[in-house]
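Peer 1: Sending over a structure as structure tokens; questions will come in a sec.
The values are calculated or read from the model by the stated rules, or taken from the named source; none is laboratory data. Fair warning: this is a prediction, and the values are worked out from it, not measured in the lab. Here the Cβ positions follow ideal geometry from the backbone for every residue, glycine too, while neighbour counts run over all protein chains shown.
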Amino acid sequence: MAGPNVNTRIRWHVDYYLTGEYWRFESLRQQKPARLLYTLGAGRIKRGPSSLARPDPSPPRKWTFSGNFIDLTNSKGPAVVVLFNDKNTNGDTVIKIASWWLNDTITPGFQPITIEDIYSGLTEECMGIDPDAVIGIYFAPFMPITTNNPKTHQYLNLTYGWYETQSGQGNVTSNWSSSAYYQTTDAIKWVVLDPLGTTYATMPWHVKFNSIESRIDIGTSGASLILTLLDTAESYPHQHLAEGRRVQIPLISAPVTSNAMASYVLSGKQEYDRAMATIQQEQNFKSGIANAGTGAIGGAIAGSAAAPGLGTVAGLVGGAASSVLGSYFSGEVQKETDRKSFEALDKYTSNQTSSVIISAGGTAWVSSNSKWMLVGLTRDTESAAELSAEQSELGYVTDSYKVDCSTVVATGGGLRIEGLEVKGNIPPEGKAYIAALFARGVHLDILT
């Protein structure tokens with residue numbers, strides 16, 4: 001009987017992993033651990049479950065805005081903040097803070113100083129303060145002073161109104177909180193924006209927060225908005241700021257212009273000059289009266305020479321009258337001269353070219369949507385889908401060394417473990433096979 005024309009040689013080997021898993025299942029079903037063929041020991045996990053995830057190094061094609069944001073600007077805001085020098089009731093020089101809502105009336109009949117007036121350099125004129133006393137003018141998401149504080153006073157000038165307090169009293173905190181938690185992940189990142197759209201910070205990866213404390217810091221060298229992102233379920237000593245929970249954003253500044261006439265008047269120099277002129281006029285007049293005695297003696301001598309007796313008396317009276325009248329008319333002439341001189345000085349001072357004391361940008365940031373905020377940016381649709389598929393199939397990027405990898409393997413999903421230690425009663429080639437399998441990367445579907 002003839003045999004087959006073709007023979008097929010089949011080479012095979014034991015799948016140590018599947019065989020081991022079968023016996024593992026049997027050992028658990030029959031509660032006979034002694035039947036286990038192998039166990040897993042130490043290894044470095046490069047891909048694993050989400051609990052071990054590190055930031056994914058793969059950037060998206062682009063980050064896009066998908067409607068997630070946290071508004072940090074007060075509903076009345078923005079607010080204007082002016083820092084300036086002034087005198088207190090004791091005559092001491094102090095630094096003061098003035099503030100008002102840009103779009104809200106302080107008192108009926110008294111309007112806030114408008115954005116047009118501020119950028120036209122009229123803030124100090126509207127407030128009636130010396131331009132040289134202004135340290136800075138800023139825009140903030142809320143007022144840094146409390147209006148109901150006993151040390152805060154309302155000031156009104158012409159048609160304008162604002163709140164004012166001594167620097168050091170302005171220590172207001174604006175708080176935002178939510179029942180939901182926010183954090184930067186591989187899928188979304190939270191960034192801090194100012195009204196110009198400048199990104200000042202990205203929140204640290206996986207640092208969760210549900211509360212934001214906002215504080216305005218104003219000093220003679222500048223002003224900033226300080227944000228602290230917190231988790232209300234935890235307490236935060238100062239050391240926690242090293243986690244990247246605090247962000248400092250420079251506030252937008254406004255220009256301050258010099259005004260020679262305003263400085264001349266508001267500094268008190270004009271009043272001083274006119275007071276000194278009046279004092280000089282009075283001094284000259286009194287000196288003229290005092291000199292009237294000398295004039296009277298001279299008149300008496302002249303009268304005696306002409307007609308002794310009655311001539312002496314007439315000369316005395318005439319000399320005195322002449323000196324007094326001369327002093328009076330001289331004083332009137334001096335007043336008229338001083339008046340014209342001051343008019344000329346005022347005109348000269350007001351005609352001096354103004355200069356910019358403090359420079360600033362323009363009004364490009366001013367719009368209904370210009371706010372201080374946290375914005376959530378997500379991966380574009382294609383990049384998000386790719387990352388989701390990769391993490392689902394291959395596992396999350398990590399770099400975690402475990403002394404016992406069995407628990408991680410038992411969770412299933414995408415795994416890649418380098419240098420996996422395989423222990424048990426199987427041949428060395430079986431141990432090497434299982435270790436190489438996990439080193440290449442596997443996806444385990446755990447059936448229950």
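Peer 1: In the stretch 148-196, which residues are modelled with pLDDT under 85 and within 19 Å of ARG246 (Cβ to Cβ)?
Peer 2: Within the stretch 148-196, ASN171, VAL172, THR173 meet the criteria.
Peer 1: Another question about this same structure. Among (1) surrounded by 15 or more Cβ atoms within 10 Å (Cβ to Cβ); (2) modelled with pLDDT under 75; (3) of a type in the set (D, E, K, R), where does ARG29 come up short?
Peer 2: All conditions pass for ARG29, except number (1).
Peer 1: Taking the criterion of being closer than 30 Å to SER120 by Cα and either in the same structural domain as TYR22 (by TED's automatic domain parsing) or without any contact (Cβ under 8 Å) to a residue 40 or more places away in the chain (or both), would at least one residue in the stretch 369-392 satisfy it? Reasoning before the result, please.
Peer 2: Taking the stretch 369-392 and keeping what is closer than 30 Å to SER120 by Cα, we get 369-373.
From the residues that got through so far, the ones that are either in the same structural domain as TYR22 (by TED's automatic domain parsing) or without any contact (Cβ under 8 Å) to a residue 40 or more places away in the chain (or both) too are 369.
Yes, the stretch 369-392 contains at least one residue that is closer than 30 Å to SER120 by Cα and either in the same structural domain as TYR22 (by TED's automatic domain parsing) or without any contact (Cβ under 8 Å) to a residue 40 or more places away in the chain (or both).
Peer 1: Could I ask something else about it? Please go through the stretch 44-83 and pick out each residue that is in a strand (DSSP E or B), in contact with a helix residue (DSSP H, G or I) (Cβ under 7 Å, 6 or more places away or on another chain) and either modelled with pLDDT of 95 or more or surrounded by fewer than 22 Cβ atoms within 10 Å (Cβ to Cβ) (or both).
Peer 2: Start the filter on the stretch 44-83 by keeping residues that are in a strand (DSSP E or B), which leaves 44-48, 63-71, 79-83.
This time we only want the ones that are in contact with a helix residue (DSSP H, G or I) (Cβ under 7 Å, 6 or more places away or on another chain), so: 45, 47-48, 80, 82.
Within the stretch 44-83, ILE45, ARG47, GLY48 meet the criteria.
Peer 1: Can you pull out the residues in the stretch 197-210 that are under 11 Å from ARG245 (Cα atoms) and of a type outside the set (Phe, Trp, Tyr)?
Peer 2: ALA201, THR202, MET203, PRO204, VAL207, LYS208
Peer 1: In the list ASN175, ASN157, which residue meets the criterion of being polar (S, T, N, Q), touching an Asp or Glu at 6+ places or on another chain (Cβ under 6 Å) and touching a residue at least 12 places away in the same chain (Cβ under 8 Å)? Working first, answer last.
Peer 2: Values: ASN157 fails: touching an Asp or Glu at 6+ places or on another chain (Cβ under 6 Å).
None of the others qualify; the one that does is ASN175.
Peer 1: Go through the stretch 111-132 and report how many residues are touching a residue at least 60 places away in the same chain (Cβ under 8 Å) and surrounded by 16 or more Cβ atoms within 10 Å (Cβ to Cβ). It would help to see each step written out before you state the result.
Peer 2: Just the residues of the stretch 111-132 that are touching a residue at least 60 places away in the same chain (Cβ under 8 Å), to begin with: 115, 118-119, 121, 123-125, 128-132.
Cutting the leftovers down to surrounded by 16 or more Cβ atoms within 10 Å (Cβ to Cβ) gives us 115, 118-119, 121, 123-125, 129-132.
Final tally of qualifying residues: 11.
Peer 1: Quick test of your reading of the structure: LYS423 fulfils all but one of (1) at pLDDT 95 or above; (2) assigned to a strand (DSSP E or B). Name the failing condition by number.
Peer 2: LYS423 satisfies every listed condition except (1).
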